[in-house]
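Before any comments, here is the structure.
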Amino acid sequence: MRSKYISIIVLGAISILGSTNSAGAGIKKCQDEDGKWHYGDFADEACAARADVTKLSQKGQVIGVDKAPPTQEELEKNKKAKKDAQAKALKKKKQRQKDLSLVQIYGSEEVILSTRDRKLESIDNNLEVTRQLKQGIESDLVELKTRKKSKKVDKLIAEREAAIRSYDDVIQQSLDQRGNLNGKYAEILKDFQDASKRLNSGS
């Protein structure tokens, strides 16, 4: 903790030092934490190493303050604050570059939504084709099961059932892809909106 000192300029009290200075001269003095007083031109040197030195005019008004050098604790605190400020500025710079890149890629929310819808439509078309093919195989399977049992019929039935399972896998993969695509573009849209907001506000 910084020691407390009092420093003043005493005017018209030259007799304290036994000086022959004129009555208009000023004398600096400060008292340290042990109660010891320091006078004269070097008083501020004795105190300023650890405390502020206040200067008063002839009328008792404060005309200046000689600031004491910072303590080790204050130096460390200032160093940390400077480091934090630099890290914050760097993070802000990188975020701005990322925001600018995102806005330049898509341009507008409408482009993002139309791109999403176009890709979803492609998936939906593939789903529809796959489902129709599956329905055709299922119809064949129903018809095969009405036939008289034989090795050939059993083989055809096994082939149709395997094909149906394969189509089911394709359908599920397409549904998963559709869900992932929706989630992806929801994130892109939010990132784009946040980026635009930051760029417009200058933050």
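Quick notes on this one:
- Long pairs among Lys80/Lys197; Lys77/Lys98; Lys92/Lys190, criterion Cα-Cα beyond 26 Å: Lys80/Lys197; Lys77/Lys98
- Estimated FRET transfer efficiency when R0 is 25 angstrom, pair Lys77-Arg198 (beta carbons, to 0.05): 0.25
- Between Asp168 and Lys184, full extension at 0.36 nm per residue minus the direct alpha carbon distance yields a gain of 3.3 nm.
- Summing +1 for each Lys or Arg and -1 for each Asp or Glu among the other residues whose beta-carbon sits under 12 angstrom from that of Lys184 gives +2.
- At R0 = 41 Å, FRET efficiency that the Cβ-Cβ distance of Arg96 and Val62 yields, to 0.05: 0.35
- Contour minus Cα-Cα distance for Leu141 and Val103 (0.36 nm per residue): 8.4 nm
All of the numbers you see were taken from the coordinates with simple rules; none came from a lab. Just so we're clear, the structure is a prediction, and the values are computed from it rather than from any experiment. With ideal geometry, Cβ positions are generated from the backbone for all residues, glycine too; neighbour counts draw on all protein chains shown.
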